[in-house]
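K.L.:
First the structure, which I've put down as structure tokens, then a few questions once you've had a look.
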Amino acid sequence: MNSTRQLAEAGIFAGILVVFMMGAFYLPIIGQVMLFFLPLPIAVLAFKNKFSYSILAGIIAAALSAMVVPFFYSFIMGLTAVLTGVPMGYLLKRSEDSFKVVLISGIGAILALILSLWSMQLFLGTSFMDEIELMFSESVSMQQQLTDAATSMGVDITETMNSYSAEMTSLFDAMRMMIPAAILVAGLATAAGNFLMLHVVMRRMKTPLPPLGSFETFSYPKHLAYGSTGMIVLAYGVGYMGWVDVTVLTMNFINLFVTIFMIQGISLAYYYLKRQLGKGVSIAFIVMFMLTGLSYLMSLVGFVDVLTDFRKLRKAQE
């Protein structure tokens, strides 16, 4: 591919990214989908074109969208697209392992989220936590107004509203403690979702990527289980020495642990149930099981499966 054609292709994908950015900002529902898949055009371009042209396309798209979208939002959307999409497309071009591609792209997405939150405080003069605290304060103010109105009508709801206030305080504290884990999960989910969609797009473009394999055979490498265990032990150790708040650190690691290994547990359950109940019934059964709030149990099963590989044991018995 000559240089002129490469530049033209970069311009086309920059235009597609501009459309995604405008849709993400202005459209109410489909815009959320476009926001999630912002890295996709850049990932396709990075796979088909030069590394430098991919970065340039992201910068140009952010600059063009800033004409119709506030600069701050254009900046963070362009940052997310480049930091997630470029490593994804580049690593796939080098035929790297799928797990490595998602992990490194996820780190890029996490970095983009962190930089976005920092930029929010820098450019807008407010932080994400400030906004949450403002919402909480408004909720408390509305609660007080309702209590006063009920009291003026001779209805005593003080006890009920105090209980509600205590629940809201607990919810706010839980949200504040779990923000680091939420950022990590959101970044990895963004990378994984765009990675799966990239396979669909490249297949449509007659450039199929190596097959992913079926979900029922999905499995993490064993060193992920060892590393997760070590991180939780390290969290307890650091908290015990008083360097950080042990509750906050441990809760974030545990929530991250549950989210990651729950996928392995669902894969294992689907592997066994599909053979007994069929595809549709198995999916319905797993969904109902997860709705009961037993995700921790599913995560524990997934963690043990990473270490022992139950599916391999079954095949050996057969």
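The values are calculated or read from the model by the stated rules, or taken from the named source; none is laboratory data. Predicted, not measured: the structure shown is a model, and the values here were computed from it. Cβ coordinates were reconstructed from backbone atoms using ideal geometry, including for glycine residues, and neighbour counts include every protein chain displayed.
K.L.:
Is it the case that some residue within segment 76-92 is loosely packed, with under 15 Cβ neighbours inside 10 Å and in contact with a helix residue (DSSP H, G or I) (Cβ under 9 Å, 6 or more places away or on another chain)?
P.N.:
Scanning segment 76-92 turns up no residue that is loosely packed, with under 15 Cβ neighbours inside 10 Å and in contact with a helix residue (DSSP H, G or I) (Cβ under 9 Å, 6 or more places away or on another chain).
K.L.:
Going residue by residue through segment 83-94, is there one that turns out to be within 16 Å of G15 (Cα to Cα) and assigned to a helix (DSSP H, G or I)? Show your work before the answer.
P.N.:
Let us first name the residues in segment 83-94 that are within 16 Å of G15 (Cα to Cα), namely 85.
Imposing the further condition that a residue be assigned to a helix (DSSP H, G or I) reduces the set to 85.
Checking segment 83-94: at least one residue is within 16 Å of G15 (Cα to Cα) and assigned to a helix (DSSP H, G or I).
K.L.:
Let me ask something additional. For segment 1-13, what are the residues that are part of a helix (DSSP H, G or I) and either more than 24 Å from the chain's Cα centre (by Cα) or over 19 Å from L198 (Cα atoms) (or both)?
P.N.:
Once the filter is applied, which keeps residues that are part of a helix (DSSP H, G or I) and either more than 24 Å from the chain's Cα centre (by Cα) or over 19 Å from L198 (Cα atoms) (or both), segment 1-13 yields S3, T4, R5, Q6, L7, A8, E9, A10, G11, I12.
K.L.:
Could you identify the single residue in L38, L79, L83, L64 that is under 27 Å from F123 (Cα atoms) and over 24 Å from the mean Cα position of the chain (by Cα)?
P.N.:
The unique qualifying residue is L64.
K.L.:
Return the residues of segment 105-125 that are under 14 Å from T190 (Cβ atoms) and crowded, with 17+ Cβ neighbours inside 10 Å; say none if nothing qualifies.
P.N.:
Matches in segment 105-125: S105, G106, I107, G108, A109, I110, A112, L113, S116.
K.L.:
Now for a different question. When you check L17 against the structure, is it in contact (Cβ under 8 Å) with a residue 40 or more places away in the chain, buried (at least 23 other Cβ atoms within 10 Å of the Cβ), touching an Asp or Glu at 6+ places or on another chain (Cβ under 8 Å) and in the same structural domain as M197 (by TED's automatic domain parsing), yes or no?
P.N.:
Numbers: in contact (Cβ under 8 Å) with a residue 40 or more places away in the chain: yes; buried (at least 23 other Cβ atoms within 10 Å of the Cβ): yes; touching an Asp or Glu at 6+ places or on another chain (Cβ under 8 Å): no; in the same structural domain as M197 (by TED's automatic domain parsing): yes.
Taking the combined requirement at face value, the residue does not satisfy it.
K.L.:
To continue, here is another question. Pull up segment 290-304, narrow it to residues that are of a type in the set (S, T, N, Q) and either part of a helix (DSSP H, G or I) or touching a Cys at 6+ places or on another chain (Cβ under 7 Å) (or both), then point me to the one that is nearest to E216 (Cα to Cα). Explain how you work it out, then say what you get.
P.N.:
Step one: of segment 290-304, the residues of a type in the set (S, T, N, Q) are 292, 295, 299.
Now restrict to residues that are either part of a helix (DSSP H, G or I) or touching a Cys at 6+ places or on another chain (Cβ under 7 Å) (or both): 295, 299.
Working: S295: 18, S299: 16 Å.
Only one residue tops the list, namely S299.
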